[in-house]
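What follows is a set of notes on a single structure, which appears directly below.
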Amino acid sequence: MQSKVSVFILALTLTLALAINPAMARTYVIKFSHVVAVDTPKGKAAEYLKKIVEERTKGKIKVQVYPNAALYGDREALEALKMNAIQMACPSFSKFTGFVPELQIFDLPFLFENTEHLHKFMNSKVGKELLKGVSRMGLIGLAYWDNGFKQLTLDDNPIRLPKDIKGKKFRIMSSKVLEAQFKVVGASPQVLPFSEVYSALQQGVVDGQENTISNIYTKKFYEVQKYMTISNHGYLGYMLVTNQIFWNSLPQNLRDILSSCVKEATNYERKLAAELNQEQLEKIKASGKVQIHYLTPEERKVWKKAMMKIYPEFYDVIGKERIEEALKLAP
């Protein structure tokens, strides 16, 4: 009899607790939309984030990952995110610059010496402020995820110095910084969608392009270009974002767990990105289809001096003090 009473009291206590605090019983769902394949660093990190979030919240947060633009492209995903139709996305920086033009700092050529310098800036006060800039869109910036540094390819001749690309047509993403970057060394920037780059190179619509190793490899650009230079002149990255309404709806304990999981998944993604770029560079070398040149320290200085001339053009948009802070953190 006593045990029945105890069970009844326990059940009553739980019922009252749930009535007072319904959040205790609630399950939260994160729809995470991204545009790349599952076997990319971003795709694998999204799956890893799902795994650890569901484990550590004991299923109180469910993560549904939609890769390959199965739900939305990056631009559409941001609109859906603002409406809380999805709760997480990870677009490239270029998708945010209409609202947060300061993020164009990551497009500036030769601003970052290496990955360590880049991550040091991202973790700095200025880097964290840039992450918060998406609050203007009703979003919360959770983390920066890597794609990698960009390299140059060309079909006509090897690229060692800026004079080697003078008069050449280079495909770029839509970006005022990238446009200025090529114009300052006498090249002709051409804005083209990423999906059209291979055929444009193949047909000679453009002479060359800039991209990360992973993009050059997976899209087979090295098959239609004779020369590649490892220049590490610019950076391509992503911002992991969530919706403010969703974030504020989470109980503090779940928010803390999610923040911790994001940090771990970010470290995982960055490690994968570095490993994959190196693996795919070796595969490009093994193909024998492209001649590869590494910029020497002296050549890099020449490129840097030439392209840094564009920095003052963007002081008003990006902020002179932000650019100077990034330069100050160089090793």
Exercise for the section: Before rounding to the nearest 500, sum -39500 (n - 2.57) across all DSSP H runs of length at least 4 in the chain and divide by the residue total; then give [θ] at 222 nm in deg cm²/dmol. Expected result: -13500 deg cm²/dmol
Handout entry: Anisotropy class of the stretch 205-247 from Cα gyration tensor, a/c 1.5 cut
Key = prolate
Problem - Average Cα contact separation per residue, the chain, under 8 Å, 6 or more apart, as relative contact order % - result: 24
Exercise for the section: Over the stretch 181-234, with every protein chain in place, what whole percent of the accessible area is carbon and sulfur at 1.4 Å, could you tell me? Expected result: 46
Practice task
Can you give me the P(r) profile for the stretch 161-307? Cα pairs, bins 10 angstrom wide beginning at 0, each as a whole percent.
Solution key: 9, 31, 30, 16, 11, 3
Problem - Per residue accessible area in Å² of the chain, where ligands, DNA and RNA are left out and the probe is 1.4 Å - result: 48
Fill in the blank from the handout: At q = 0.11, 0.18, 0.19, 0.22 1/Å the base-10 log of I(q)/I(0) from the Debye formula over the alpha-carbon atoms of the stretch 199-275 is -0.51, -0.84, -0.89, -1.05
Exercise for the section: Kindly identify the stretch 251-309 as rounded, prolate or oblate by the Cα gyration tensor criterion: order the square roots of the eigenvalues as a ≥ b ≥ c, call it rounded if a/c is under 1.5, otherwise compare a/b with b/c, prolate if a/b is larger, else oblate. Expected result: oblate
Completion exercise
Whole-percent tail of the Cα-Cα distance distribution for the chain, cut at 30 Å, equals 41
Practice task
Using the Kyte-Doolittle scale, find the helices of the chain whose mean hydropathy is at least 0.5 and whose Cα atoms extend 24 Å or more along the helix's long axis, counting only whole DSSP H runs.
Solution key: 2-20
Completion exercise
Checked against the positive end of the charge dipole of the stretch 212-295 (+1 on Cβ of Lys and Arg, -1 on Cβ of Asp and Glu, about the Cα centre), the farthest of Leu250, Tyr217, His293 is His293
Practice task
Report, by chain and number, residues whose modeled amide H sits under 5 Å from the one on His233, excluding near sequence neighbours (fewer than 5 apart, same chain).
Solution key: Lys150
Practice task
Would you mind checking the pairs Lys220/Lys309; Lys128/Lys304; Lys219/Lys285; Lys125/Lys328; Lys132/Lys263 and listing those with alpha carbons more than 22 angstrom apart?
Solution key: Lys220/Lys309; Lys128/Lys304
Exercise for the section: Just report the Cα centroid separation between the stretch 262-299 and the stretch 84-102, whole Å. Expected result: 25
Exercise for the section: Once you've got the GNM for the chain with C-alpha springs shorter than 10 Å, pick whichever of Val100, Val317, Val241 has the biggest mean-square fluctuation. Expected result: Val317
Fill in the blank from the handout: Mean projected area, convex hull of alpha-carbon positions in the stretch 176-216, reported to one decimal in nm², is 3.2
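The values are calculated or read from the model by the stated rules, or taken from the named source; none is laboratory data. What you are looking at is a predicted structure, and each value in this text was computed from that prediction instead of being measured. No Cβ is skipped: glycine too gets one built from the backbone with ideal geometry, and neighbour counts run over all protein chains shown. In case anyone asks, the SASA skips ligands and DNA or RNA and just uses the protein heavy atoms, side chains included. Shrake-Rupley method; radii C 1.70, N 1.55, O 1.52, S 1.80 Å.
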